[in-house]
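Structure first, commentary second.
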Amino acid sequence: MTQKEQHTIVIVAHKLTTQPDDDLVIYLNKKRYPDVLHICHSFSDAPDRRSWFTWYKNGKVFKEQKTKDYKHLPEPMIYLKEWYFTWLWVLQSRQRWDRYIGMDGLCVFFGNVLRKVGLVRKTIYWAIDFVPNNRFTSQIKNKIYHFINIQGYKDSDEMWDLSPRMKEAREKYLGIKQTIYRSHKVVPYGTWIDRIKKYSFAQCDKNTVVFMGHLIEKQGAQLLIEAIPGIIKKNPNFRFKIIGGGQYKEQLIELAKKLHVLKYCDFRGKIPDHKVLEDEIAKSAVAVAPYIKKLDTWTYYADPGKVKTYLACGVPVLLTDLPWNAKEIEKDQCGEIITEKLEDIQSSVLDLMRGEKNQKYRDNAIVYAQNFNYTNIFDGVSL
C-alpha cells in the first residue's frame, strides 16, 4: 500500500488488558500510517478510571496525554467523561479523520456522532464480544447495553466481528437481520507469529501444562488443579504453570492447598511483556483452555485470543467445546476437545504429553496458526 492510499485513523477502546486494538496499532505503525490516534478508557473493573491517548505519526509517537483518575465519579458520569475526552481529543487534533474504529457499542456511538458533525468520514464497529443474556447483573444495564450495541450495528459504515457466530447470535437473540449491516466482515483475533520462538518437544518443559488468562471461575483453571492428584500418580514430575491474575486467584491457591498439590502449581501472575509471556507458553508441553459451559456466556460467541496464542507458540491445546473453532482445532490435530470430567482431563493431559504425539501436534499447531497471522488479517481489510 502506498503512502497516498493510507488513511488517518482513530481507534477508541475500553481497556483492562491488551486487546486487538493494540495489535492494529502495531500493524498501522509498522506500515507507517501518517496519523493514528489511539484513545483508551479504563473499564469499570480496572484499578482506575482514567482516559488517555497516544497519537502516532508515520509510526512514531507524536503526542500523549492521560487524565486524572475519575474513579470517585458515579458510573453515568464516567461515561460522560469518556464522551467528553473522546470528542475533545478529536477536536484538538484539528483534522478530519478518515476512519474511526470503535471496539464496543459505546465507543462506536461516540464515533457515529463525530461522523454526523463531519469530524470523521467512516466508522467501523469492531465487536470483540457478544453476550446475549446477563452481560450485567442489572437488567436495566443489560437493556442499555443492547440498545447502544444495536444502534452501532445499524449506524456504522462497517461491522467487524471476531467470530462468525456473532452475526448468527444477534439474529437468534435480538432479531437483528443480516441485511441490517451496511458492510460486514469477520476480523478475528490473531498473533504476531514471526516474533515467537518455537520449541520442539525435546527442548520444552516436558512435564509442564500452562494456563494463561484472567483468573475467574468460568475460565476453569480449577479443573486442572482438581485433576493434579490423578495426574501425579503417573507423572510425579508434573507442573501446572498458571499465568495471570484476577479475583479467583486466592481461591485457586486455597484449592491447591486443600488437595495438597500446591507444590505442583506455579502461580506466575501477570506477565505484561508479550515476548516474555509468549516464551513462557512456548516452553510448555501442553496448554489448556477449560472454559466452563454453565458459567461462560462470552466464549461461545467470541474468539478467545489465548487459544490462538497457545497455537502460535507451537503448543498443543486441550479445550472444552466452546470456542467456535474448537472442532476445527481438533480436526487439524493441533489440539483436542475435553469435557469437564476429571478422568477425561487427567487422561488427555497425560496422553498429549507423550513425546511422539506432542511433537506431531506442535508441528500442526504452527501450520494452523498461519491462518491468523495479524499481518495477513489486517492486509485483508480496507483501512
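Between the helical axis of 20-30 and the dominant principal axis of the chain, each derived from Cα atoms, what acute angle in degrees is found, rounded to the nearest 10? Value to nearest ten degrees: 70.
Just in the range 108-188: which chymotrypsin sites (Phe, Trp or Tyr not before Pro) are loop by DSSP and have at most 16 other Cβ atoms within 10 Å?
Details: sites: F109, F110, Y125, W126, F130, F136, Y145, F147, Y153, W160, Y173, Y181; in loops: F130, F136, Y181.
Loop-located and lightly packed - F136.
Of the residues G152, S183, F201, the one whose Cα sits farthest toward the positive end of the charge dipole of the range 146-211, with +1 on the Cβ of Lys and Arg and -1 on the Cβ of Asp and Glu, is F201.
Only alpha carbons enter this Debye calculation for the chain, each as an equal point scatterer, and the log10 of I(q)/I(0) it gives at q = 0.15 Å⁻¹ is -1.38.
Residue separation times 0.36 nm, minus the C-alpha to C-alpha distance between I216 and S347: what's the value? Kindly include the intermediate steps, with their values, before the conclusion.
Values: separation 131, 0.36 × 131 = 47.16 nm, distance 2.45 nm.
Result: 44.7 nm gained on full extension.
For the range 83-195, what is the per residue volume of the convex hull drawn over the alpha-carbon atoms, in cubic angstrom?
Details: hull volume 16.0 nm³, N = 113.
Normalising the Cα hull of the range 83-195 by residue number yields 142 Å³.
Rounded to the nearest 0.05, the FRET efficiency derived from the C-beta distance between S200 and N376 at R0 = 25 Å is 0.50. For the pair D266 and I253, the difference between a 0.36 nm per residue extended length and the Cα-Cα distance amounts to 3.7 nm. Among the lysines of the range 218-278, pairs that are 8 or more positions apart or on different chains and have alpha carbons within less than 15 Å of each other number 8. For the range 67-110, the residues whose amide N sits under 12 Å from a probe point set 7 Å from the Cα of K141 along the beta carbon direction are 75-76. Would you please give the FRET efficiency between V117 and K234, computed as 1/(1 + (r/R0)^6) with r the Cβ-Cβ distance and R0 = 45 Å, to the nearest 0.05? According to the calculation, E is roughly 0.10.
A simple charge model with +1 on the Cβ of Lys and Arg, -1 on the Cβ of Asp and Glu and nothing else charged puts the dipole of the range 246-383 at about 360 debye relative to its Cα centre. Add -39500 (n - 2.57) for each DSSP H run of 4 or more in the chain, then divide by its residues: what number comes out at 222 nm, to the nearest 500 deg cm²/dmol? It comes out at -11500 deg cm²/dmol, rounded to the nearest 500.
Cross-link reach is defined here as a Cα-Cα straight distance under 15 Å, omitting same-chain residues fewer than 8 places apart; for K63 the aspartates and glutamates meeting it are D35.
For the range 1-42, what does the relative contact order come out to in percent, with C-alpha contacts under 8 Å and a separation of six or more?
Computed over the range 1-42, the figure is 58 percent.
Taking only C-alpha pairs under 8 Å that are 6+ residues apart, what is the relative contact order of the chain in percent? Relative CO of the chain lands at 14 percent. Evaluated at q = 0.21 Å⁻¹, the base-10 log of the normalised Debye intensity for the range 1-72, with identical point scatterers placed on the Cα atoms, takes the values -0.87. When all protein chains stay in place and ligands, DNA and RNA are ignored, the 1.4 Å accessible-area order of I144, I26, largest first, is I144, I26.
Dimensions of the range 251-319 from C-alpha coordinates, computed as largest minus smallest value along each principal axis and given longest first, are 33, 32, 22 Å. Can you compute the label reach from Q65? Point 7 Å from Cα along the Cβ direction, backbone N cut-off under 17 Å, restricted to the range 4-25. Correct set: 10-13. Loop-located trypsin sites (Lys or Arg not before Pro) across the range 282-370 with a Cβ neighbour count of 16 or fewer within 10 Å are K293, K294, K341, R354, with loop assigned by DSSP.
Compute the orientation-averaged projected area for the range 148-236 from the convex hull of its Cα atoms and round it to one decimal in nm². Walk me through the intermediate numbers first.
Details: hull surface 40.1 nm².
Spelled out: convex hull of the Cα atoms, projected over all directions, averaged, 10.0 nm².
Both radii come from the Cα set of the range 230-361: Rg as radius of gyration, Rh as Kirkwood radius; their ratio Rg/Rh reads 0.94. Our estimate of slack between T18 and N58, defined as 0.36 nm per intervening residue step minus the Cα-Cα distance, is 12.2 nm.
The values are calculated or read from the model by the stated rules, or taken from the named source; none is laboratory data. These figures come from a predicted structure and were not determined experimentally. Backbone-built Cβ (ideal geometry, glycine too); neighbour counts: all protein chains shown. Note: areas computed on protein heavy atoms with side chains; ligands, DNA, RNA excluded. Shrake-Rupley method; radii C 1.70, N 1.55, O 1.52, S 1.80 Å.
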